[in-house]
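Chemist: First the structure, which I've put down as structure tokens, then a few questions once you've had a look.
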Amino acid sequence: MAYFYIVFLALLVACSGLVSSTFVWKHHNNEELPLVLEEIHEKCPNITRVYALTEPSVRNVPLYVIEFSDSPGFHQPYKPEVKYVGNIHGNEVLGRELLLGLADYLCERYLNHDRKIKTLIHTTRIHLLPAMNPDGWQLSTETGAKDYLIGRNNNHSVDLNRNFPDLDAITFELERQGINHNNHLLRDVTRLTAPVEPETRAVIRWMMAIPFVLSAALHGGDLVANYPYDESRSGAPVSEYSASPDDDTFRDLAMTYAESHADMADPQRQGCRVSNSDDSTSYNFGKQGGVTNGAAWYSLKGGMQDFSYLATNAFEVTLELGCKKYPPTEELEEEWHKNREALLAFIWKAHIGIKGIVGDDSGFIKNAIVSVVNITGPVPRPIRHDITTGDYGDYYRLLTPGHYEVTAIHPGYFPVSRVVTVPHHQTAARILNFKLEPKTSWFDDYTYGSFPYGLHDGQPRIYKRSLYEQVTNMMLEKKDTKH
Ligand SMILES: [Zn+2]
């Protein structure tokens, strides 16, 4: 009898989910950070993997990532990939600790059979990079963790969030020329105005290696979810709304974070910098729903957010997590409770819109273009930002609710268009697959040249590569002479 009672108790403990966490809320230093990740991996070996990016920081600190997936190390078709990047500015440290806490939470809830977390991990591949700038963190911490600027930059005194190639300049120039080449613009960079730092290079290689769909960078110093573009079209330093082709979707992504956060979207809260009225960077973002377009706040060049959108298929926003850049240890746990639901709700957004596979009779088509027109209103609105299929022919197209015409294009095939309705409150993207028919003769493409840059059938088929190069060259030269 006693035996059955013990078995019963053991079952009760197992079912009530008493796998407890040993995670401690504190500022983890650069030696402790990988140990925390390793410990989580040991607790959840089947759903995690710890790895370092291809290059370490200037001072040789590896940039560690923990991945959550039911197939760690492998991309699977239909499974979107998401990333969070913390501590880009070395003295903005809350994101770093929140990502360690999030990793521990995901593992612990998974072991405790939390159905929602299990579904999230089974349907999404999640990568967390707690610290992109460990050297800056070190300097900031050693100098008392108080200064607004010390430790912001990397060990070469470079601001990593100004160090990405400026693809906004390229896209704005193409817009002005009326050329609809609107994605994967890194290949159009012919010259850099500044050397790319090791941390930036590591992150660019990471972005290129993994087919991310959704991303956020975690900063501090204000409380707002900031979305592209960060750079103004006119060059205005502040207050110029710089909409991207996916403005609706980006607003939705930013609002999801803000509204799921304890007080980011609260109109009653104080602004972070209540200073003199001529300070144009002081805003009370609570009064505008906790979100802002980047350049409508202030314009910046070389940021990671716009780079991500213009160089890859990943939609990225920038999250300013609080007024304090380096909050004291005793506030970390409270900040976790304020951010936890927002961090999870944002990851779920990788499942909005549509996804599918583009293929032909014999298999997948890699690098096919997926182009979308919003046909919800009376006037069709093309979204001039195409996305491309990955190694398994799979694509993920984040969209807000509405009706869309979606076209899959690849040189050598007839384009195929389909109409789809994106519903509200998605926890899974609508699946929309395409099977393309090869053109009967290769002669067609040979005559007109291929059109790999999102040009639709019916538009003039000119091979425009040389023109892009001229344009970007001209532009980069102009920029060089300014200095
Ligand atoms: Zn920052």
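Here, each number is a calculation from the coordinates, and none is a lab measurement. Quantities reported herein were computed from a predicted structural model and do not represent experimental measurements. Please note: Cβ atoms are built from the backbone with ideal geometry, for glycine as well, and neighbour counts cover all protein chains shown.
Chemist: For residue 52, what residues show an amide H to amide H distance below 5 Å, using hydrogens built from the backbone and excluding near sequence neighbours?
Modeler: 65
Chemist: Can you give me the convex hull volume of the Cα atoms of the chain, divided per residue and expressed in Å³? Write out the running numbers ahead of the final one.
Modeler: Values: hull volume 84.9 nm³, N = 483.
Hull volume normalised by residue count: 176 Å³.
Chemist: Within 10 Å of each residue's Cβ, count the other Cβ atoms and sort 25, 206 from fewest upward.
Modeler: The order, fewest Cβ neighbours first, is 25, 206.
Chemist: Order of 362, 417 from fewest to most other C-beta atoms within 10 Å? Can you show the working numbers first?
Modeler: Details: 362 7, 417 14.
With the sparsest Cβ surroundings first, the list reads 362, 417.
Chemist: Could you list which residues have their amide H under 5 Å from that of residue 300, counting only those 5 or more apart in sequence or on another chain, with H placed in the peptide plane?
Modeler: For residue 300, the qualifying residues are 231, 232.
Chemist: Can you give the Rg and Dmax of region 237-351 based on its C-alpha atoms, in angstrom?
Modeler: That works out to 14.8, 43 Å for Rg and Dmax.
Chemist: Counting alpha carbon pairs within less than 8 Å and at least 6 residues apart, what relative contact order, in whole percent, applies to the chain? Walk me through the intermediate numbers first.
Modeler: Details: 1028 pairs, mean separation 74.3, N = 483.
With pairs under 8 Å counted, the relative contact order is 15 percent.
Chemist: With the Cα gyration tensor of region 159-250 giving a ≥ b ≥ c as the square roots of its eigenvalues, does the rule (a/c under 1.5 for rounded; else a/b larger than b/c for prolate; else oblate) give rounded, prolate or oblate?
Modeler: Since a/c stays below 1.5, the shape of region 159-250 is classed as rounded.
Chemist: Along region 396-407, what does the Karplus equation 6.51 cos²θ - 1.76 cosθ + 1.60 (θ = phi - 60°) give for ³J(HN,Hα), rounded to whole Hz, x for Gly and Pro?
Modeler: Running phi through 6.51 cos²θ - 1.76 cosθ + 1.60 with θ = phi - 60° gives 9, 10, 5, 8, 7, x, x, 10, 9, 9, 10, 10 Hz.
Chemist: Let me ask another. Using θ = phi - 60° and the Karplus form 6.51 cos²θ - 1.76 cosθ + 1.60, what ³J(HN,Hα) does each residue of region 201-206 get, whole Hz, x for Gly and Pro?
Modeler: Karplus-based 3J(HN,Hα) across region 201-206 equals 4, 4, 6, 4, 4, 5 Hz.
Chemist: If we count other beta carbons within 10 Å of each Cβ, what is the order of 269, 384, fewest first? Mind dumping the intermediate values first?
Modeler: On the way: 269 15, 384 19.
Listing 269, 384 from fewest to most nearby Cβ atoms yields 269, 384.
Chemist: Output ³J(HN,Hα) for region 331-347: one whole-Hz value per residue in order, computed from phi by the Karplus curve 6.51 cos²θ - 1.76 cosθ + 1.60 with θ = phi - 60°, and x for Gly and Pro.
Modeler: With coefficients 6.51, -1.76 and 1.60, one gets 9, 5, 5, 5, 4, 4, 5, 6, 9, 4, 5, 5, 4, 6, 4, 5, 4 Hz.
Chemist: Let me ask you something else. Pairs 83/355; 366/435; 79/301; 43/118; 287/338; 43/116: which are spaced more than 21 Å apart, C-alpha to C-alpha? If you can, show how the numbers build up before the last one.
Modeler: Numbers: 83/355 18 Å; 366/435 13 Å; 79/301 32 Å; 43/118 15 Å; 287/338 18 Å; 43/116 19 Å.
Too far apart for the 21 Å limit: 79/301.
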